[in-house]
Each structure stands twice: as C-alpha cells, then as structure tokens.
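Structure first, then comments.
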There are 2 protein chains.
Amino acid sequence: MELLEDKKCLAGSVINTLKGKFALEILSAILDGHLHYGYLIRNIDGINPRILATRLRAFEEEGILSRKVLPLIPPQVEYRLTDKGMALYPIIEAMRDWHLEYN
Amino acid sequence: MELLEDKKCLAGSVINTLKGKFALEILSAILDGHLHYGYLIRNIDGINPRILATRLRAFEEEGILSRKVLPLIPPQVEYRLTDKGMALYPIIEAMRDWHLEYN
DNA sequence: CGGGATCCTGCCTGATACTG
DNA sequence: CAGTATCAGGCAGGATCCCG
C-alpha cells in the first residue's frame, strides 16, 4: 500500500489547492493576464470579496502567486503567478482534455 | 473571458470528481489492483462505510468505475476502472509530479 | 480600491447501529 | 460481506457592513 499512500497524499495537495470555490476561475483569469483584484471581483460571476480574498491569500501562502501593491491613486493590487503557479497550467489543461473526451 | 469560462467549468468536473474525502485513496487503491470493497474498508486508514459507499456510488454514476457482484459465499463486490477512470491516471501522476517538484 | 470582521446557513463528514 | 439509515458536528461558503 506504499504506492497508494504515495500517490494519494502527493496528488492531494494539488486537489486541495484547486478544490475551493472559484479557485479555477481565479487562476484561469490570472493565467489569461487579468492580474488585478478589481477585474476579478467584477468579472467572476457570483464571487464575493471574502471568497476572493480567501483564495488569493491561500494561493499566496502556497507560493502559487505573488501579491504586489501598486502605489497608485486609487490603490491597485496585482497578482502574478509564480513558476509554481504556472506549472499548474498543464495539469488544468489535462483535466480539461479529460472532460472533453469523456463527458 | 471565454477562455476563462471554458477552462474553469471543464477542468472543474475533474476537481469535483477527485475532491471528496478519500477519493484519491480509493482510486489509487483500485488502480493498484485492489478491487474489493473489503480491502478498501480495511486498508484505507480512517475511512468509514458511509464515505466509502458514497464515493464508490459517485464514481459509478460518473462512469469512472463499474460495480460487479460476485456470486460467492461470502458475497463479494468488485470495482473496476472504466477507460474513463483509467484516463485519470496521467492527471493524478501530473499532480503528484507537481507536488514533488514544488513542495 | 482592496480588502477584513461578522453572522448565518447548508452540506460534507464522523460515528454507530442495523440489514439482506 | 457489503453496504444503508440515522443523527450530530464542523467547516466552507453566502451576505453584508465597515475601514485604511
């Protein structure tokens, strides 16, 4: 059962990262070059500030993305994917392909 | 935002399949050739009958695995992955690789 | 503008007992 | 053996409101 334990825990960390509500929407938007909180809160349908903040903070703590406050008036915050975050892209693509082939 | 909508919903179906508690453990065990309910309930640490049944039923409804009752005494039930279920394997591997590289 | 603090709700889950 | 039924608990998420 070693292989089982192995695969489960390790793959589970990706699932934990992506299973939260709007997690994929947020990451996809940022992947598409929409880096600002304002864009995300206005364009992700049904999201609310608490959830957006929760996801962004979790992503930041996991090293998936970085947060940068721009010294502008009005204030603006920019989120960029790290290499670790970028590396999620092929996984998301693979999941999308699986859905397209089998659903 | 079309690409965003696209990626989100479609990849989301995989996340929904895998995010349930013990989902990865169950699929990994079956991938490793452990097809029987009895094995799963005895070897997956911390699982209980209700959760195992819930996951197995969900997987079956999604076409991830098939259920076969063996006419034995004592009764025995065998779960096998369908092609659709097998196709999850590379995705789980990719998630595992991501974890190994970045965590 | 970009959040944090609160309160409330529902679903997921845990634990057991029971059955064909 | 392979589940189902039932009940209780906890945590994720929805809805506001407020603040630097």
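Starting from region B:42-60, take each residue that is farther than 12 Å from B:Ile26 by Cα and list its partners that are within 11 Å of DNA strand D (Cβ to nearest atom) and modelled with pLDDT under 95, counting only C-beta distances under 6 angstrom and pairs at least six apart or across chains.
Qualifying pairs under 6 Å: none.
What's the number of the only condition in (1) free of Cβ contacts under 8 Å to residues at least 40 places away in the same chain; (2) within 17 Å of A:Lys19 (Cβ to Cβ) that A:Leu88 fails to meet?
In the conditions (1) free of Cβ contacts under 8 Å to residues at least 40 places away in the same chain; (2) within 17 Å of A:Lys19 (Cβ to Cβ), A:Leu88 misses (1) alone.
Listed residues B:Asp32, B:Asp45; which is closer than 25 Å to A:Ser13 by Cβ, within 14 Å of DNA strand C (Cβ to nearest atom) and of a type in the set (Asp, Glu)?
Exactly one residue qualifies, and that residue is B:Asp45.
Matching residues to (1) within 16 Å of DNA strand D (Cβ to nearest atom); (2) touching a helix residue (DSSP H, G or I) at 6+ places or on another chain (Cβ under 9 Å):
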residue: A:Ser66; (1), (2): no, yes
residue: A:Leu70; (1), (2): yes, no
residue: A:Val77; (1), (2): yes, yes
residue: A:Leu81; (1), (2): no, yes
residue: A:Met86; (1), (2): no, yes
residue: A:Pro90; (1), (2): no, yes
residue: A:Arg96; (1), (2): no, yes
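The values are calculated or read from the model by the stated rules, or taken from the named source; none is laboratory data. What you see is a predicted model, and the numbers here were worked out from it, not measured in a lab. Note that we place each Cβ from the backbone using ideal geometry, even for glycine, and neighbour counts take in every protein chain shown.
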